[in-house]
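Below: one structure, written as structure tokens.
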Amino acid sequence: MSRDTPKPPAEQSWNPERYQRNAAFVAKLGRPVLDLLDPQAGERILDVGCGDGALTEALAEAGCQVVGIDPSAEQVAAARARGLDARVMRAEDMDFDACFDAVFTNAAMHWVKAQRRALSAMFRALRPGGRLVGEMGGSGNMRLYKAAISKALQRRGIDPTPLNPWYFPSEEDYRADLESCGFRVKSIERFERPTKLETDPPGWYETFGESYLLAVPEDQRPRLLEEVSEDLRADFQKPDGSWFADYVRLRFKAVKPA
Ligand code: BEZ
């Protein structure tokens, strides 16, 4: 890369120990998505973005034959340690062909850049009549958290726009994404879900928003995060000291026509 070529933003890394400490709520709050999936014993299910396998394990316990995929080798190792069939793979690179009854995905698709390639690969992985059930961040997700770190970076002369790692679509846009890949959408709903964190804004950013933090030298990150916490405190910290965040979900069910 020449000296003049801008470096792409550094990517999020996944540390399973930190994830289990700060992000156990992701799997707990994913339970209603499992209910929408309504897994049946014996079904073959693909879990896209399985992370450390907490929900993949619930599917295996329901008697399903589950394969999990995730781009993070560390998270896949944590899933395998639960005895699961988990593979290091990006959603857009999957080449499964009509071998699953259902595809499940929770809190993963907003990380995927090649959205339509990934949805096409999920479509291809399903047998005709198979279903896709998922949840991800919807438009407006973490709006004030994103605004707080964006302002703190702008004060340092850094443009936050290219550091944004997430895709949070509206219902209309995601319906169009799904339909353009061949799916028939059964339901899609966007709803606000203010969420109690198991950490504070610095812990949240370290766990989920590393691409923003890596844009400043390490010794300046604590100050940056203090500013972000100050900005968010009035709206998101409760008198008992606990922190909330402005999560918005997009939950959908779609089928591959038989
Ligand atoms: C979410 O589940 O909405 C989410 C997770 C990590 C970063 C941003 C959003």
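The values are calculated or read from the model by the stated rules, or taken from the named source; none is laboratory data. Since the model is a prediction, treat every value here as computed from it, not as a measurement. Every residue, glycine among them, receives a Cβ derived from its backbone with ideal geometry; neighbour counts consider all protein chains shown.
Please specify each residue of the range 238-247 satisfying the condition of being surrounded by fewer than 18 Cβ atoms within 10 Å (Cβ to Cβ) and in contact (Cβ under 8 Å) with a residue 12 or more places away in the chain.
SER242, PHE244
Rundown of residues vs (1) within 18 Å of the chain's Cα centre (by Cα); (2) over 20 Å from GLU210 (Cβ atoms); (3) touching a residue at least 24 places away in the same chain (Cβ under 8 Å), yes/no style:
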{"site": "LYS146", "(1), (2), (3)": "yes, no, no"}
{"site": "LYS151", "(1), (2), (3)": "no, no, yes"}
{"site": "PRO160", "(1), (2), (3)": "no, no, yes"}
{"site": "TRP166", "(1), (2), (3)": "yes, no, yes"}
{"site": "GLU171", "(1), (2), (3)": "yes, yes, yes"}
{"site": "VAL185", "(1), (2), (3)": "no, yes, yes"}
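Which one of the conditions (1) under 16 Å from the mean Cα position of the chain (by Cα); (2) assigned to a loop (DSSP other than H, G, I, E, B) does HIS110 fail to meet, given that it meets all the rest?
Exception for HIS110: condition (2).
Can we say ALA215 is surrounded by 18 or more Cβ atoms within 10 Å (Cβ to Cβ), part of a loop (DSSP other than H, G, I, E, B) and of a type in the set (A, V, I, L, M)?
Answer is yes for this residue.
Scan the range 135-152 for residues that are crowded, with 21+ Cβ neighbours inside 10 Å, within 11 Å of the ligand (Cβ to nearest atom) and either more than 16 Å from GLU189 (Cβ to Cβ) or of a type in the set (Phe, Trp, Tyr) (or both) and jot them down.
If the condition is that a residue be crowded, with 21+ Cβ neighbours inside 10 Å, within 11 Å of the ligand (Cβ to nearest atom) and either more than 16 Å from GLU189 (Cβ to Cβ) or of a type in the set (Phe, Trp, Tyr) (or both), then MET142, TYR145 are the ones that fit.
Among the residues of the range 114-128, how many are in a strand (DSSP E or B) and under 12 Å from GLY182 (Cα atoms)?
2
Identify, by number, the condition in (1) at pLDDT below 95; (2) in a strand (DSSP E or B) that ARG249 doesn't meet.
(1)
In the range 153-167, is there at least one residue being within 14 Å of the ligand (Cβ to nearest atom), of a type in the set (Phe, Trp, Tyr) and assigned to a helix (DSSP H, G or I)?
no
For the subset of the range 168-192 comprising residues that are surrounded by 18 or more Cβ atoms within 10 Å (Cβ to Cβ) and within 15 Å of the ligand (Cβ to nearest atom), which member is nearest to ASP219 (Cα to Cα)?
Looking at the filtered set, the residue picked out is PHE168.
Determine whether LEU132 is part of a strand (DSSP E or B), more than 16 Å from the ligand (Cβ to nearest atom) and either on the phi > 0 side of the Ramachandran plot or surrounded by 22 or more Cβ atoms within 10 Å (Cβ to Cβ) (or both).
yes
Is it the case that some residue within the range 219-229 is surrounded by 13 or more Cβ atoms within 10 Å (Cβ to Cβ), within 16 Å of the ligand (Cβ to nearest atom) and acidic (Asp, Glu)?
no
Would you confirm whether any residue within the range 193-207 is touching a strand residue (DSSP E or B) at 6+ places or on another chain (Cβ under 8 Å), closer than 30 Å to ASP38 by Cβ, of a type outside the set (D, E, K, R) and free of Cβ contacts under 8 Å to residues at least 60 places away in the same chain?
Yes, there is a match, as at least one residue in the range 193-207 is touching a strand residue (DSSP E or B) at 6+ places or on another chain (Cβ under 8 Å), closer than 30 Å to ASP38 by Cβ, of a type outside the set (D, E, K, R) and free of Cβ contacts under 8 Å to residues at least 60 places away in the same chain.
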